[in-house]
Amino acid sequence: MMNFCNRCAGALSEEVPEGDNRPRHVCQECEHIQYQNPRVIVGCIPLWEGKILLCKRNIEPKFGLWTLPAGFLELGETMAEGALRETYEESMAKVEIVEHFGMYDITRVGQIYSIYLAKMLSADFSPTPESSEVGLFDPEDIPWDELAFEVIKTTLKEFIERG
Ligand SMILES: [Zn+2]
């Protein structure tokens, strides 16, 4: 939710600009239109000897539930670079990309989820400020009822189906 213009700090109001077809946040002072667009989340399915590395979230939302390492893409990095960085930040695991696995629209929250298949370079990983636990799971041991996000469930199901 935006209240102030990021150019002049003027008040924003929601209106349909001339020539546009949907409401935007428009500055009442300088007329700057502050567009909002989906954000990109990047992450990995890190693999080690047939097992999948999952992280238990130590942060909200979904504190205490398991997820794949993933997070917001930063300006200036490629999706693959972001996926490697997020994987390291959340699990201390060093991985290399095998291939792009999939992209998922999460229109409800304005996100695009881009996931890579990745090979762990060693069995080293550990908890981090963002993950209270990190663990390798056999596909049959995935904690389906304790996954943080629907898209993670979808990704893991697809991974297993593809064999
Ligand atoms: Zn302004």
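Bear in mind these aren't lab numbers, they're just calculated from the coordinates by the rules spelled out. Quantities reported herein were computed from a predicted structural model and do not represent experimental measurements. A quick note on method: Cβ atoms are made from the backbone with ideal geometry, for glycine too, and the neighbour counts reach across all protein chains shown.
Using just the alpha carbons, could you tell me how many Å³ per residue the convex hull of segment 35-105 encloses?
That works out to 116 Å³ per residue.
Can you pull the percent of Cα pairs in the chain with separation above 30 Å?
Cα-Cα pairs in the chain separated by more than 30 Å: 29 percent.
In straight Cα distance, which lysines are under 22 Å from Lys94, not counting same-chain residues fewer than 8 positions off?
Counting by Cα, and skipping residues close in sequence, Lys94 has these lysines nearby: Lys51, Lys56, Lys119.
Could you tell me which GluC sites (Glu not before Pro) in segment 70-163 are loop residues by DSSP with no more than 14 other beta carbons within 10 angstrom of their beta carbon?
Glu74, Glu77
State the volume of the convex hull built on the alpha-carbon positions of segment 71-159, expressed per residue in Å³ and rounded to an integer.
Residue-normalised Cα hull volume stands at 115 Å³.
What FRET efficiency do you get for Arg85 and Asp20 if R0 is 35 Å and r is their Cβ-Cβ distance, rounded to the nearest 0.05?
So the FRET efficiency works out to roughly 0.50.
Provide the per-residue ³J(HN,Hα) series for segment 128-134, in order, calculated from phi with Karplus coefficients 6.51, -1.76, 1.60 and θ = phi - 60°, each as a whole number of Hz, with x at glycine and proline positions.
Working through the residues one at a time gives 9, x, 8, 10, 6, 9, 10 Hz.
Just to confirm the filter: which chymotrypsin sites (Phe, Trp or Tyr not before Pro) across segment 24-63 are DSSP coil and have at most 14 other Cβ within 10 angstrom of their Cβ?
Those that pass, being in a loop and sparsely packed, are Tyr35, Phe63.
At 222 nm, what value in deg cm²/dmol follows for the chain if DSSP H runs of at least 4 each add -39500 (n - 2.57) and the sum is divided by all its residues, to the nearest 500?
Computed ellipticity for the chain at 222 nm equals -5000 deg cm²/dmol.
Helix 150-162 against the longest principal axis of the chain: what's the angle in degrees, Cα atoms only, rounded to the nearest 10?
Between helix and principal axis, roughly 40 degrees.
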